[in-house]
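One structure is given below, encoded as structure tokens.
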Amino acid sequence: NSTKGNTASLASEIKKFKGFFNDEIKKDDVFDLVYIPGTGVVSYKNGEEKGTIKGLAFKEALFGIWLSKKPAEDDLKEAMLNL
């Protein structure tokens, strides 16, 4: 929904981002996705930096999954925003 079904322009960024999650994921792992203006979306797993994706367009598409007008899960959006 956050890209209105058009992810072609972000294909390389999406591929790179997905690569940050190739390591085994275990119960209690913590992932942090942080947007830093001028840097991009920095991804962390258990406090270890996994990589950065530059660009505001990727940040808007990624965060829009949870925070757009049509999020993937309304209840999760409300919980994230403490509504």
### Query
Residues in segment 15-40 that are β-branched (Val, Ile, Thr) and touching a residue at least 24 places away in the same chain (Cβ under 8 Å): how many?
0
### Hits in segment 46-65 - residues which are surrounded by 15 or more Cβ atoms within 10 Å (Cβ to Cβ), more than 13 Å from residue 2 (Cβ to Cβ) and either of a type outside the set (D, E, K, R) or within 9 Å of the chain's Cα centre (by Cα) (or both)
52, 53
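Of the residues 2, 43, which single one is in contact (Cβ under 8 Å) with a residue 60 or more places away in the chain, surrounded by 15 or more Cβ atoms within 10 Å (Cβ to Cβ) and not in a helix (DSSP H, G or I)?
Values: 43 fails: in contact (Cβ under 8 Å) with a residue 60 or more places away in the chain.
Being in contact (Cβ under 8 Å) with a residue 60 or more places away in the chain, surrounded by 15 or more Cβ atoms within 10 Å (Cβ to Cβ) and not in a helix (DSSP H, G or I) holds for just one of 2, 43, which is 2.
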### Query
Looking at (1) surrounded by 11 or more Cβ atoms within 10 Å (Cβ to Cβ); (2) within 22 Å of residue 77 (Cβ to Cβ); (3) not aliphatic (A, V, I, L, M), which is the one condition that is false for residue 20?
(2)
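So which residues in segment 62-83 are assigned to a loop (DSSP other than H, G, I, E, B), among the small types (Gly, Ala, Ser) and either free of Cβ contacts under 8 Å to residues at least 12 places away in the same chain or in contact with a helix residue (DSSP H, G or I) (Cβ under 6 Å, 6 or more places away or on another chain) (or both), if there are any at all?
Of segment 62-83, the ones assigned to a loop (DSSP other than H, G, I, E, B) are 68-73, 81-83.
When the remaining residues are screened for being among the small types (Gly, Ala, Ser), the result is 68, 72.
Residue satisfying the conditions is 72 alone.
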### Task
Take segment 66-77 and flag every residue that is surrounded by fewer than 16 Cβ atoms within 10 Å (Cβ to Cβ), of a type outside the set (Gly, Ala, Ser) and over 19 Å from residue 36 (Cβ atoms).
69, 70, 73, 74, 75, 76
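Any read-out appearing in this document is the output of simple, stated calculations on the displayed coordinates, not a laboratory observation. Everything quoted here is computed from the prediction, not taken from an experiment. All Cβ positions, even for glycine, are placed from backbone atoms using ideal geometry, and neighbour counts span all protein chains on display.
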